[in-house]
Amino acid sequence: MPTTKRKLTVYLDPEVARAAKVRAARLDKRDSEVIEDALRAHLGIAALDQAQGLSTLTRMRLSRSPNAEVHAARRERRKQR
């Protein structure tokens with residue numbers, strides 16, 4: 001999913017910066033990608049992204065109100081009986 005990137009200047013401990021550069025080189029990624037991945041993991045954003053990817057809900061079902069979703073689920077259960 002393409003997103004707009006925002007420039008951010010941060011100051012890192014030289015050892016942390018070096019480790020990020022080494023990891024980026026080993027993974028054939030940019031330094032910024034490695035740092036972004038680490039921040040996402042630390043902030044829990046990576047877990048949310050992964051959970052959304054595993055979700056079986058469709059966009060249409062997500063756009064419905066929770067109340068409408070409950071009613072739709074009940075209708076489906078009645079049909080199965």
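Applying a 10 Å radius around every beta-carbon, put 6-13, 34-41 in order of their mean neighbour count, most first.
Final packing ranking: 34-41, 6-13.
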Checklist outcome for this item: When every protein chain stays in place and a 1.4 Å probe is rolled, Arg74, Arg18, Arg81, Arg26 sorted by accessible area with the largest first are Arg81, Arg26, Arg18, Arg74
Checklist entry - Which ³J(HN,Hα) values, rounded to whole Hz and listed in residue order, are derived for the stretch 66-72 from phi using the Karplus coefficients 6.51, -1.76 and 1.60 in 6.51 cos²θ - 1.76 cosθ + 1.60 with θ = phi - 60°, glycine and proline given as x? => result x, 5, 5, 5, 4, 4, 5
Checklist entry - Given R₀ = 30 Å, FRET efficiency for Thr9-Ile45 by Cβ-Cβ distance, to 0.05? => result 0.90
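The values are calculated or read from the model by the stated rules, or taken from the named source; none is laboratory data. Keep in mind it's a predicted model, so treat the numbers as computed, not measured. So basically every Cβ, Gly included, is an ideal-geometry build from the backbone, and we count neighbours across all protein chains shown. In case anyone asks, the SASA skips ligands and DNA or RNA and just uses the protein heavy atoms, side chains included. Shrake-Rupley method; radii C 1.70, N 1.55, O 1.52, S 1.80 Å.
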